[in-house]
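These notes concern the structure reproduced below.
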There are 2 protein chains.
Amino acid sequence: MALSSMRKEGKPPADSGLSARLAIRAGAHRGATSGLAPGYVQGNLAILPQALAPDFLRFCQLNPKPCPLIGTSAPGDPRVPDLGEDLDIRTDLSRYRVWKNGELVAEPEDVREFWRDDLVSFVIGCSFSFEEALMADGIEVRHITRGCNVPMYRTSIATQKAGPFHGPMVVSMRPLTPRDAIRAVQITTRFPSVHGAPVHIGKPEMIGIKDIAKPDYGDAVDIGNDELPVFWACGVTPQSVIATVKPEFCITHYPGSMLVTDRKNTEFAIL
Amino acid sequence: MALSSMRKEGKPPADSGLSARLAIRAGAHRGATSGLAPGYVQGNLAILPQALAPDFLRFCQLNPKPCPLIGTSAPGDPRVPDLGEDLDIRTDLSRYRVWKNGELVAEPEDVREFWRDDLVSFVIGCSFSFEEALMADGIEVRHITRGCNVPMYRTSIATQKAGPFHGPMVVSMRPLTPRDAIRAVQITTRFPSVHGAPVHIGKPEMIGIKDIAKPDYGDAVDIGNDELPVFWACGVTPQSVIATVKPEFCITHYPGSMLVTDRKNTEFAIL
């Protein structure tokens, strides 16, 4: 197929997922991937030992809004061909987190030295895709305007348990005018693979959020008097759940350093 | 076609739009049409002299959310075959209102004696269709549970002017939990011909509603602490606009006495 020949010639399409991954693999791009390869799907990463993989897979299937699985690997295989033929999960993210028994042991830029033959990769959709669709429709995404991280909150919404995996849903919040909130429901409904429609609008206390100004992850953003806080299921949920389980070994992406894929956001629209 | 032969034999399908209209025409059904012929589209009616018809048609086209036109007649023709082959607009509603120069002059059960050769009928979609879809999804529709009329409000949202027709949008309100509000946006988006998605959620003061407990039309309903008021563009808007214009002659349906058509609600779903 064309990708490997393009790579040999050193000419992947500019701004493509592949060119982003090659830049990261070569050490030419460091840090966050937001804004990289516009139009291409980026994903959250969780790599678990095979012994835990069936339960985690079932957890994702039972909780598709916070854990929309967009790609998985065969055990021990660092490739995820569905998401990019040339993709090597060990080298193609700009930074990783390596965990042992729930303790953070390293934050390397490459996990080849940590690789094991029993590791299974799970790639989970990320809100970058639907944020792009919102902005394309003229809707302001506050944390992007403010240049900070999206505010995220642990909620009182329980996930569906699978084996050892359980815990509260984490949500991200974007303040929107009522008119934009309605439009945002319509737009994000089209993208069930990247968290889909909001899970809540307007009454944070109903989902166990005590102080909207104090997110559990990310940064607080201002909410206007003419705006409602709109909440989406968040890909931090599986990370939070994995942290609770404290698996003997686990690799995740470093926050903001997502996997850039060859799939287009538009491919994931159901309408 | 089959309808007239069925009628000759006196056997229209039970609970069909046709059987409802025949019952009304025969005087066997009186009063409100809510709950009649489940699954069939009901419509708001406005009948205007031909001189005003082009402007009113344009008004509807410019304001599709409050004025979703689902059928029109030829001038002087009491039939609207698109909505029912056997339909006679002069006899098939259970009650009408007749207006002269903006004054209500009669509320007859039949308008044959008022008919003129220059009259054009406009049938406008009604919220009964989307309420049926909401309830089919398990969503409680408060005013139906309470057995009262839907609360309606004049807003500060202006309609697009066309000739003499202009004025504020009227909205209807249904209190919903945030979860049901999100689902209701999805469901009603499928039905643009019957008002479509909400126009506002959550902050009545933003659309000029001073006291949610005092609707301008219909009845107040209770709103729980765990609920948001959700607002849809309302088919009372064209009636309110026509009342402002005070046309020399005009016929509308009596509130609650809608035109029952042969079209199915499901036909109007875009997805």
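The values are calculated or read from the model by the stated rules, or taken from the named source; none is laboratory data. Owing to the predicted nature of the structure, the values given are computational and were not obtained by experimental measurement. Every residue, glycine among them, receives a Cβ derived from its backbone with ideal geometry; neighbour counts consider all protein chains shown. For accessibility, only protein heavy atoms count, side chains too; no ligands or nucleic acids. Shrake-Rupley method; radii C 1.70, N 1.55, O 1.52, S 1.80 Å.
With pairing defined as another cysteine C-beta under 4.7 Å, the cysteines of chain A that fail it are A:C126, A:C148, A:C234, A:C250.
What relative contact order, as a whole-number percentage, does chain B give when Cα pairs under 8 Å and 6 or more residues apart are counted? Show your work: numbers first, answer last.
Working: 585 pairs, mean separation 82.0, N = 271.
Computed over chain B, the figure is 30 percent.
Other residues whose C-beta falls under 12 angstrom from the C-beta of B:L83 contribute a net charge of -3, scoring Lys and Arg +1 and Asp and Glu -1. Mean per-residue shielding of peptide B:198-206 is 5, counting Cβ atoms of other chains within 10 Å of each Cβ. Derived scalar couplings between HN and Hα for segment B:180-193 equal 5, 5, 4, 5, 5, 4, 4, 5, 6, 4, 5, 10, x, 6 Hz in order, rounded to whole Hz, by the Karplus curve 6.51 cos²θ - 1.76 cosθ + 1.60 (θ = phi - 60°), x for Gly and Pro. Here is the interface size for B with A: some 1500 Å² of accessible area buried, both sides summed, with a 1.4 Å probe. Taking the square roots of five times each eigenvalue of the Cα gyration tensor of segment A:214-256, the equivalent ellipsoid has semi-axes of 30, 10, 9 Å, listed largest first.
Based on alpha-carbon atoms only, what is the radius of gyration of chain B relative to the globular estimate 2.2 N^0.38 Å? Can you show the working numbers first?
On the way: Rg = 18.1 Å, N = 271, 2.2 N^0.38 = 18.5 Å.
So chain B has a normalised radius of gyration of 0.98.
Dipole size of the protein assembly as shown about its Cα centre, with +1 on Lys/Arg Cβ and -1 on Asp/Glu Cβ: approximately 120 debye, rounded to the nearest 20.
Considering only Cα atoms, the convex hull volume of the protein assembly as shown works out to 183 Å³ per residue.
Residues whose amide H comes within less than 5 Å of that of A:R97, counting only those at least five positions distant or on another chain, are A:T252, A:H253, A:Y254 (H built at 1.01 Å from N in the peptide plane). Per-residue mean of foreign Cβ neighbours for B:180-188 is 4 (Cβ atoms of other chains, 10 Å radius).
Of the candidates A:S193, A:S172, A:S240, which one comes out as most mobile in a Gaussian network treatment of chain A with C-alpha springs shorter than 10 Å? Looking only at A:S193, A:S172, A:S240, the largest GNM fluctuation is found for A:S240.
Can you check what the net charge comes to around B:K246, using other residues whose Cβ is under 10 Å from the Cβ of B:K246 (Lys, Arg +1; Asp, Glu -1)? Provide the component values of the computation, followed by the final result.
Values: positive: B:K100; negative: B:E103, B:E248.
Charge balance near B:K246 sits at -1.
For A:V120, the amide hydrogen comes within under 5 Å of the amide hydrogens of A:L48, A:Q50, A:G76, counting only partners 5 or more places away or on other chains and with H modelled in the peptide plane. Helical runs assigned H by DSSP (4 residues or longer) give chain B a calculated mean residue ellipticity at 222 nm of -6500 deg cm²/dmol, each run adding -39500 (n - 2.57) before division by the residue total.
The convex hull of the Cα atoms of segment B:1-136, projected and averaged over all directions, covers 9.2 nm².
When ranked by the protection proxy of mean other Cβ atoms within 10 Å per residue, highest first, what sequence do the peptides A:25-35, A:80-90, A:211-221 form? Kindly include the intermediate steps, with their values, before the conclusion.
Values: A:25-35: 13.5, A:80-90: 20.2, A:211-221: 15.3.
My ranking of the peptides, most packed first, is A:80-90, A:211-221, A:25-35.
The residues of segment B:222-263 listed by number as losing at least 40 Å² of accessible area in the complex, against the isolated chain and with a 1.4 Å probe, are B:L228.
The alpha carbons of segment B:176-271 occupy a box of 46, 36, 20 Å along the principal axes, longest dimension given first. Structure note, pairs B:K65/B:K161; B:K65/B:K214; A:K100/A:K246; A:K161/A:K246; A:K65/A:K161; A:K203/B:K203: Cα-Cα distances above 18 angstrom occur for B:K65/B:K214. Rounded to whole numbers, the Karplus 3J(HN,Hα) couplings from phi for segment A:41-57 are 5, 10, x, 6, 10, 9, 10, 10, x, 3, 4, 9, 4, x, 5, 5, 4 Hz, using 6.51 cos²θ - 1.76 cosθ + 1.60 with θ = phi - 60°, and x at Gly and Pro. The A:C148 and A:Q61 beta-carbon pair, evaluated with R₀ = 30 Å, returns a calculated FRET efficiency of approximately 0.35.
Listed values for segment B:237-248 are Karplus-derived 3J(HN,Hα) couplings in whole Hz (6.51 cos²θ - 1.76 cosθ + 1.60, θ = phi - 60°), namely 3, x, 5, 5, 5, 4, 4, 5, 6, 6, x, 4, and x replaces Gly and Pro.
Relative contact order for segment B:88-150: what is it in percent, counting Cα pairs under 8 Å that are at least 6 residues apart? Don't skip to the end; give the middle numbers.
Values: 43 pairs, mean separation 12.9, N = 63.
Over segment B:88-150, the number comes to 20 percent.
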